[in-house]
Amino acid sequence: MRALVIVHDHLSTAGHVGERLAERGYELDELHVVPAERYTNPDVDTAFPPAGNYGLILTLGSPWSVTRRNAWIEAELALLRSAHDAGIPVLGICFGGQMLAAALGGEVAVAPRFELGWSRIATDDPELVGPGPWFQFHGDRWTPPPGAREVARNAYASQAFVCGRSLGLQFHPELTPEVLRAWFDHGGEEVAAGLGVDPDRLVAELRAELPSVRERARILVDAFLDRVAAAEGPNDGTPAHMSA
């Protein structure tokens, strides 16, 4: 089984999520969208492969906004729409979840508060998306697309939705201390300072909690694969396992 992993910037990795997908038998093909030398000017042309080449698509976070709507964002939106129409599961994380929402007819806009740090969430289906705590690092939020089922939320944003065989997540189950440190070193420290948050403390907390963070990610990926991606029936919004 092959999975396409869309890595939008050179600082990010699939982390614990990619690790679990590989353990579950997926061969991961990474597509790097914006090269390191274009990090401050990310309006590049990127060719995306056909969705039908893959059995699953994982689309990760990004320091940019879906509302930028440049050429590669439009191309990725088209890819995610085609995957959904073909019944190919998509797992979208943070920006990737917002891209999935926008591709399927939802909206993305600035959230009432920039979320940075740990958050527990209210979940309607804790066996699919647990209450956390999960790590947040986002300033935008989505409106779930038509036909989707919102699974989890907090006071500031929708946190998870299911649409067909796909799952959008607002938080970062994949995150490692090394990636978080890189995010802070490349502009994130300014965000943290504006919020009165200590980057070193957050990196240290993530490192200390790594076994629990990894286990929560493994449980989440397993639930996505076994309950959402494996669901039968048309991509009409509500997967078969939730129709009863």
Revision key, fill the gap. Toy charge model, Lys and Arg Cβ at +1, Asp and Glu Cβ at -1: segment 90-201 dipole around Cα centroid in debye, rounded to 20, equals 320
Check your understanding: What whole number of Å gives the distance from the Cα centroid of segment 12-37 to the Cα centroid of segment 137-188?
Key -> 17
Exercise for review: May I ask you to compute the full-extension gain from Arg69 to Ala230, defined as 0.36 nm times their residue separation minus their alpha-carbon distance, rounded to one decimal in nm?
Suggested key: 54.8 nm
**Study point:** Leading residue at positive end of dipole, the chain (Cβ point charges), from Val203, Leu4, Val90
**Key:** Val90
Check your understanding: Which of Val110, Val44, Leu56 sits farthest toward the positive end of the charge dipole of segment 24-118, with +1 on the Cβ of Lys and Arg and -1 on the Cβ of Asp and Glu?
Key -> Val110
Revision key, fill the gap. Summing -39500 (n - 2.57) over every DSSP H run of at least 4 residues in the chain and dividing by its residue count gives a helix-only mean residue ellipticity at 222 nm, to the nearest 500 deg cm²/dmol, of -8500 deg cm²/dmol
Check your understanding: Taking a probe of 1.4 Å, how large is the accessible area per residue of the chain, in Å²?
Key -> 41
Review point. If Lys and Arg each add +1 and Asp and Glu each add -1, what is the summed charge of the other residues whose beta carbon sits under 11 Å from the beta carbon of Ala111?
Key: 0
Study note, to complete from the structure: Here the Cα Rg-to-2.2 N^0.38 Å ratio for the chain is 0.93
Point to revise | Sparse-neighbourhood loop sites, GluC sites (Glu not before Pro) in segment 72-140 - DSSP loop, at most 13 other Cβ within 10 angstrom | key: Glu127
Check your understanding: What is the spread of the Cα atoms of segment 166-219 along each of their three principal axes, largest first, in whole Å?
Key -> 33, 27, 17
Review point. Between Arg149 and Asp200, what FRET efficiency follows from the Cβ-Cβ distance if R0 is 45 Å, with the result rounded to 0.05?
Key: 0.70
Check your understanding: If you take all C-alpha pairs in segment 138-194, what percent of them are over 13 Å apart?
Key -> 68
Point to revise | Rg/Rg_globular for segment 72-201, with Rg_globular taken as 2.2 N^0.38 Å and Rg from C-alpha atoms | key: 1.06
Point to revise | Accessible area of the chain belonging to carbon and sulfur atoms, whole % at 1.4 Å probe | key: 49
Study note, to complete from the structure: Counting only DSSP beta bridges fully inside the chain, the antiparallel percentage to nearest 5 is 55
Practice item. Figure the gain on full extension for Ala78 and Arg38 (residue separation times 0.36 nm, minus the Cα-Cα span) and round it to one decimal in nm. Key: 12.1 nm
Revision key, fill the gap. The size of the Cβ-based charge dipole (Lys, Arg +1; Asp, Glu -1) of the chain about the Cα centre, to the nearest 20 debye, is 380
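The values are calculated or read from the model by the stated rules, or taken from the named source; none is laboratory data. All figures in this text were calculated on a predicted structure; none of them were measured in a lab. Positions of Cβ are backbone-derived with ideal geometry, glycine not excepted, and every protein chain shown enters the neighbour counts. Accessible surface is based on the protein model in full, side chains and every heavy atom, while ligands, DNA and RNA are left aside. Shrake-Rupley method; radii C 1.70, N 1.55, O 1.52, S 1.80 Å.
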